[in-house]
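Below: the structure, in structure tokens.
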Ligand code: SF4
């Protein structure tokens, strides 16, 4: 898959990660939060994350 050089990412366990390089392969991702009042970096989530092991193809 082609990397998106505008979206750097180090989450290699994600289905959308470029693997060989620290980038996402999606054209667009969605970032959100699981907190009602986010104040720290840990409060933010990539909502486009898909766990690699959760998909059977590959
Ligand atoms: S979808 Fe999110 S977590 Fe997955 S590779 Fe792209 S930026 Fe990283």
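Quick rundown of the values:
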read-out: Pairs of alpha carbons in the chain whose separation is greater than 16 Å (percent); value: 47
read-out: Pairwise label distance in nanometres, residue 47 with residue 21, each label 7 Å out on the Cα-Cβ vector; value: 2.8
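None of the figures in this text is laboratory data; all of them are computed from the coordinates on show. As the structure is a computational prediction, the values presented were derived from the model and not from experiment. Neighbour counts are summed over all protein chains in view; Cβ atoms, including those assigned to glycine, are modelled from backbone coordinates with ideal geometry.
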